[in-house]
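The values are calculated or read from the model by the stated rules, or taken from the named source; none is laboratory data. Predicted, not measured: the structure shown is a model, and the values here were computed from it. With ideal geometry, Cβ positions are generated from the backbone for all residues, glycine too; neighbour counts draw on all protein chains shown.
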Amino acid sequence: MFKCIKTKKSVLNNDINLFFNGHKNGKNLLIIGTMHGDEPQGAQVLNSYLLENSPQKNPLYIIPCLNPDGYDKKTRTNANQVDINRNFPTKNWELTQKDEFYGGSSPASEIETKFLINCIDEIQPDLILTIHAPFKIVNFDGNAQKESEEIASLIGYPVQKDIGYPTPGSFGTYCGVEKNIPTITLELGEDEDFNFQKEACFKIIKYLCYLD
Ligand SMILES: [Zn+2]
């Protein structure tokens, strides 16, 4: 059974929660949903996963919704109009113009970014999965090619190494490249049936939960 082991209030007083299945042995996994508020798929799929009694072996940590303020407002950014996926303290973080990719006034300026950094420091995950939309691809940073290929074949998506545009201050660069933690980004579609997405993600989580 999952328990909420860490929580933080967002700017608009929503809870950002970290759940854990309590398992002690095996690969430490962290799964993150809805970093971008206009991509609700991750939170919806992970919240339904938390309600099911799926079997797991490995220690599994889940943050179903990293950006609850954006989720409520259906915006990519958080309540401060910052793109959390450009706010991580990477070597390539940069002060940008205030559009929907605004990386914040300084690296890790946002509650959501700090919460996730703290979770990672405490959990020391062996592998991270983040769920985004809408590209229908599996992308990865760091040493995660094998697992990415397996995940892609499980759900019929291609693996795409390069997303095609620069992403300064991104979570993938922070964790996968600079902290050397294999980090997989699953990009679900916008036009897919929820049951398809749920089944696809449950298959992926099951695969990760029994990885040696
Ligand atoms: Zn996204």
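Yes/no matrix, rows are residues, columns are (1) surrounded by fewer than 22 Cβ atoms within 10 Å (Cβ to Cβ); (2) away from the ligand (no atom under 16 Å from the Cβ); (3) of a type in the set (A, V, I, L, M):
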residue: LYS8; (1), (2), (3): yes, yes, no
residue: VAL11; (1), (2), (3): yes, yes, yes
residue: ASN14; (1), (2), (3): yes, yes, no
residue: LYS24; (1), (2), (3): yes, yes, no
residue: THR34; (1), (2), (3): no, no, no
residue: SER48; (1), (2), (3): yes, yes, no
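In the stretch 111-130, is there at least one residue being within 16 Å of the ligand (Cβ to nearest atom), among the charged types (D, E, K, R) and either assigned to a loop (DSSP other than H, G, I, E, B) or in contact with a Gly (Cβ under 8 Å, 6 or more places away or on another chain) (or both)?
At the first step, the residues of the stretch 111-130 found to be within 16 Å of the ligand (Cβ to nearest atom) are 112-113, 116, 128-130.
After this cut, where a residue has to be among the charged types (D, E, K, R) as well, the list is 112.
Adding the requirement that they be either assigned to a loop (DSSP other than H, G, I, E, B) or in contact with a Gly (Cβ under 8 Å, 6 or more places away or on another chain) (or both) leaves none.
No: zero hits.
To keep it simple, each residue is scored yes or no on (1) in contact (Cβ under 8 Å) with a residue 40 or more places away in the chain; (2) more than 12 Å from ILE63 (Cβ to Cβ).
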site	(1), (2)
LYS6	yes, no
VAL11	yes, yes
ASN17	yes, no
LYS24	no, yes
GLY33	yes, no
GLY37	yes, yes
PRO40	no, yes
GLN44	yes, yes
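For the structure I just gave you, tell me whether THR90 is part of a loop (DSSP other than H, G, I, E, B) and within 13 Å of the ligand (Cβ to nearest atom). Judged against the criteria, THR90 is not a match. For the stretch 140-147, state whether one or more residues are buried (at least 17 other Cβ atoms within 10 Å of the Cβ), within 16 Å of the ligand (Cβ to nearest atom) and either under 27 Å from ILE16 (Cβ atoms) or within 15 Å of the chain's Cα centre (by Cα) (or both). Yes, there is a match, as at least one residue in the stretch 140-147 is buried (at least 17 other Cβ atoms within 10 Å of the Cβ), within 16 Å of the ligand (Cβ to nearest atom) and either under 27 Å from ILE16 (Cβ atoms) or within 15 Å of the chain's Cα centre (by Cα) (or both). Only one entry of SER153, SER106 meets the criterion of being at pLDDT 95 or above, part of a loop (DSSP other than H, G, I, E, B) and polar (S, T, N, Q), and that entry is SER106.
Would you confirm, using the coordinates I've provided, whether ASN85 is at pLDDT 95 or above, part of a helix (DSSP H, G or I), within 16 Å of the ligand (Cβ to nearest atom) and surrounded by 22 or more Cβ atoms within 10 Å (Cβ to Cβ)? Spell out how you get there, then give the answer.
Working: at pLDDT 95 or above: yes; part of a helix (DSSP H, G or I): yes; within 16 Å of the ligand (Cβ to nearest atom): yes; surrounded by 22 or more Cβ atoms within 10 Å (Cβ to Cβ): yes.
So ASN85 fits the description; yes.
Just for the stretch 55-70: of the residues that are within 12 Å of the ligand (Cβ to nearest atom) and within 14 Å of the chain's Cα centre (by Cα), which one is nearest to LEU211 (Cα to Cα)? Full working, then the answer.
Our first condition is that a residue be within 12 Å of the ligand (Cβ to nearest atom); within the stretch 55-70, this holds for 66-67, 70.
Filter once more, so that each one left must be within 14 Å of the chain's Cα centre (by Cα): 66-67.
Details: LEU66: 25, ASN67: 28 Å.
Across the stretch 55-70, the extreme among qualifying residues is LEU66.
Can ASP99 be described as part of a loop (DSSP other than H, G, I, E, B) and out of contact with any strand residue (DSSP E or B) (no Cβ under 9 Å at 6 or more places or on another chain)? Please lay out each step first, then the result.
Working: part of a loop (DSSP other than H, G, I, E, B): yes; out of contact with any strand residue (DSSP E or B) (no Cβ under 9 Å at 6 or more places or on another chain): yes.
Yes; evaluated as a whole, the condition is true for this residue.
The sole residue among GLU100, GLU122 that is surrounded by fewer than 24 Cβ atoms within 10 Å (Cβ to Cβ), closer than 30 Å to GLU150 by Cα, over 16 Å from the mean Cα position of the chain (by Cα) and of a type outside the set (Val, Ile, Thr) is GLU122.
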